[in-house]
Amino acid sequence: MTPSHDVAVYVGRFQPFHNGHLALLRHALSVAPQVILVIGSAHQARTPKNPFSWQERAEMVRLTLTPEERERVGFLPVRDYYDESRWVKAVHAGVEAMGGGNTKSVALVGHYKDATSEYLRAFSSWTVISVDRVPAADGTHLRDALFSSAADAIEPTLAALTDQAPASTLAFIRAWVSLPFFAALAEEWAQLRKYRAEWASAPYPPVFVTVDAVVKCAGRVLLIQRGRAPGRGLWAVPGGFIEQRETAYQSCLRELKEETHLTLLDLTMRHSLVEAAVFDHPDRSLRGRTITHAHYFDLGDRELPEVQADDDAQAVEWVPVEKLSALEDRFHDDHFHMLDHFLGLTKT
């Protein structure tokens, strides 16, 4: 096919890169001399849903390409902002920068699968090229097969996936499972499956309601390290599930006290409350549909209150605000973006 656009853009998570992705990439290469792969869910902590870093996913893609094709493909990692307008703005800015001003005609290559494909309609100045989906390839199935296998018995699993992913991807995974974090991810995958199975008999899909506390004091933010799965060992703001006889505010203060032993007068906390916001993106939590009510408290420049980890927290720490961005890939769920909302940590 003769190239008909300056740049082709292909958006995906590529967790992992499979034959369906490869088919779309080949089509993108046929319509433009330059292809920009937007790697979504970048800069996140490893989870069973997002086990591979964006650099690892880029390498999987490179391994499938010829040397000439590698020269034509660039990689644009974009974080999940859980805010479509910010995400679209970041993609636009990244493509413009990588295109070097040669972006008068941009093709957006993809396919309409379900609600997760609605982003294709958000780029009105680009030409959407819809390509039929390869039915045998599915990232969720590949990850489930991977994490249901023990690391020392991975070969039969990989052999069964030869019709779904390039040989180079399977070779990459073969080496990747020997890394130390595979066992922890497999354990978390099993726990999440058990958690969902416990709710499978509910008459309606459950919607969970939680609360979170963002507490700032003297240029620092109060964070915990989670002591339980999901997200064991990851940073998070204190929080938990709302109680039936509590308001969201009351549950927030209770969870804050249970996990950190932060004990200040109720009047002090009320005067320190700056904002409350709802975070309700359908994909914000691996446990299922979870809506959280986050409360932002600014205690000013007073001396840091004493804290002590307890309940679901294995550690608690007052972390300087300027160090939060460097910890982005060590945060549970969307907690970094929660902090970004209140504290303005990212530029886009």
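What follows is calculated from the coordinates using simple rules that are stated; it is not laboratory data. On a predicted model such as this, the values are computed, not experimentally measured, just so you know. Cβ: placed from backbone, ideal geometry, glycine included. Neighbour counts: every protein chain shown.
Between amide H atoms placed 1.01 Å from N, distances below 5 Å from V316 occur with Q225, A309, all of them 5 or more places distant or on a separate chain.
Would any residue of segment 239-280 have its amide N under 18 Å from a label point 7 Å out along Cα→Cβ of R289? List them or say none. Label zone hits: 242, 278-280. What distance in nm lies between label points placed 7 Å from Cα along the C-beta direction at L63 and E96? With each label placed 7 Å out from Cα toward Cβ, I get 3.6 nm. Taking the number of Cβ atoms within 10 Å of each Cβ as an exposure proxy, the fewest-first ranking of V211, V177 is V177, V211.
Only helical runs count toward this figure. For the chain, summing -39,500 (n - 2.57) over DSSP H runs of n ≥ 4 and dividing by all residues gives -10000 deg cm²/dmol at 222 nm.
Distance between the modelled labels on K323 and A145, one decimal in nanometres: 4.3 nm (7 Å Cα→Cβ projection).
Contour minus end-to-end for L273 and A159, with contour as 0.36 nm per residue of separation and end-to-end as the Cα-Cα distance?
Numbers: separation 114, 0.36 × 114 = 41.04 nm, distance 5.57 nm.
Answer, rounded to one decimal: 35.5 nm.
What is the local net charge at I39, summed over the other residues whose Cβ is closer than 13 Å to its Cβ (Lys, Arg +1; Asp, Glu -1)? Neighbourhood net charge equals +1. Compared with the dominant principal axis of the Cα atoms in the chain, helix 54-64 is inclined by about 10°.
When T66, T47, T268 are ordered from fewest to most other Cβ atoms inside 10 Å of their Cβ, what list results?
T66, T268, T47
Taking the number of Cβ atoms within 10 Å of each Cβ as an exposure proxy, the fewest-first ranking of K113, K89, K347, K49 is K347, K113, K89, K49.
Dipole size of segment 208-343 about its Cα centre, with +1 on Lys/Arg Cβ and -1 on Asp/Glu Cβ: approximately 180 debye, rounded to the nearest 20.
What percentage of all Cα-Cα pairs in segment 7-182 are separated by more than 27 Å? The partial results should precede the final answer.
On the way: 3817 of 15400 pairs.
Tail of the P(r) past 27 Å holds 25 percent of the pairs.
Rounded to the nearest 10 degrees, the angle from helix 84-99 to the longest Cα principal axis of the chain is 40 degrees.
Stretching D311 away from V88 to a fully extended chain increases their span by 76.4 nm, per 0.36 nm per residue minus the current alpha-carbon distance. Extending 7 Å from the Cα toward the beta-carbon at both E118 and L179 defines two label points whose distance is 3.3 nm. What separates the Cα centres of segment 78-150 and segment 295-331 is a distance of 34 Å. Rounded to the nearest 20, the size of the Cβ-charge dipole of the chain about its Cα centre is 680 debye, with Lys and Arg at +1 and Asp and Glu at -1.
Take every DSSP beta bridge whose two residues both sit in segment 208-343; close to 65 percent of them are antiparallel.
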